[in-house]
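Chemist: My questions will all concern the structure given below.
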Amino acid sequence: MKALREDRRSLAVQVRDRIWHEVEAGVLHAGEKLPSEQDLAARFGVSRATVREALKIMEEERVVLCRHGVGRFLAPDPASVLTDEMTRLKSVTELTRGLGISPTTKVISLREEPADDLVSSRLDLEPSSPVVVVERVRQAKGEPVIYTVDYFARHVVPGPLRAEEFEGSLFAQMEEKWGLQLVYAKTVISAILLDSETCQRIGVPEGIPWLMMEEIVLDAQDRPQLYSNDYHRGDKMQFRVLRHRR
């Protein structure tokens, strides 16, 4: 493993990753009290301030819980919160596999319909152009964690629509089988609550916060190829973004 001082990331992020590595290796266990800041600083060869910053990051990620006057504890199931960086365009399948899980996909609905004004504008189509609508649920460890609704022009799909073709990565399907090139996306992220009917359809309790990513995926010629509404379950998933002041 690379020494902390040789790693180009901030020391706090490196310490956070070392602590997480000890969780994955079984050195630290879910629900147990963490060593003191002083002990962790000595273990990793950094200052207590660096350890404190690393633990703060983990508190924000809900992996570490702070009990004032008692100490810091690992969450009862720290691995239940799936964390991903948002710096690269990924399909939902790529995202979940990158988190070390093999997702199961349930196709709730697959249909062809005329594009409404919103969808036609997002895909740069004529009003009422035929589009394919795919609703799917991704499960991790037996629980629904991502609900997606995808729209794309009907003419890009050769032949009849088959639900089994949409049980894997839609990006892979579009690129490898339909010959499309997906290069970048324009994304708007909002915090929402799903309505009761949708919660019932996908099998989740009401009242859970979701991160909705409204996304238009474009090709190298800046043509929209896919319009997606991806809903990420807020109590099971989170995303990290590295932001620079300049």
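Chemist: In whole Hz and in residue order, list the ³J(HN,Hα) couplings for the range 48-59 that follow from phi through the Karplus curve 6.51 cos²θ - 1.76 cosθ + 1.60, θ = phi - 60°; x for Gly and Pro.
Modeler: Computed from phi, the couplings for the range 48-59 are 5, 4, 5, 4, 4, 5, 4, 5, 5, 4, 5, 5 Hz.
Chemist: When you take every Cα atom in the range 4-79, what is the radius of gyration, and what is Dmax, the widest Cα pair distance, in Å?
Modeler: 11.6, 35
Chemist: Right, another one. Please report Rg over Rh for the range 82-240, where both radii come from the alpha carbon positions and Rh follows the Kirkwood definition. Let's see the in-between values first.
Modeler: Working: Rg = 15.1 Å, Rh = 16.1 Å.
Here Rg/Rh amounts to 0.94.
Chemist: Mind listing the long-range amide H neighbours of ALA115? Cut-off is under 5 Å, sequence gap 5 or more, other chains count too, H placed in the peptide plane at 1.01 Å from N.
Modeler: SER128, SER129, VAL131
Chemist: Might you report the magnitude of the Cβ-based charge dipole of the range 4-79 about its Cα centre, with Lys and Arg at +1 and Asp and Glu at -1, to the nearest 20 debye?
Modeler: Computed about the Cα centre, the dipole is about 260 debye.
Chemist: Which length gain, in nm to one decimal place, applies between SER190 and CYS66 when the Cα-Cα distance is subtracted from 0.36 nm times their residue separation?
Modeler: Extending this stretch completely gives an extra 41.9 nm.
Chemist: Let me ask another. Which far-off residues, 5 or more places away or on another chain, put their amide H under 5 Å from the one on LEU125, with H placed in the peptide plane?
Modeler: It is none; the list stays empty.
Chemist: Here is a further query. Longer than 26 Å from Cα to Cα, which of LYS141/LYS186; LYS33/LYS56; LYS141/LYS177; LYS56/LYS186; LYS33/LYS236 are they? Say none if no pair is.
Modeler: Correct reply: LYS141/LYS186; LYS141/LYS177; LYS56/LYS186.
Read the figures in this text as sums done on the coordinates, not as results from a lab. Note that the structure is a prediction, hence the values are computed from the model and not measured. Every residue, glycine among them, receives a Cβ derived from its backbone with ideal geometry; neighbour counts consider all protein chains shown.
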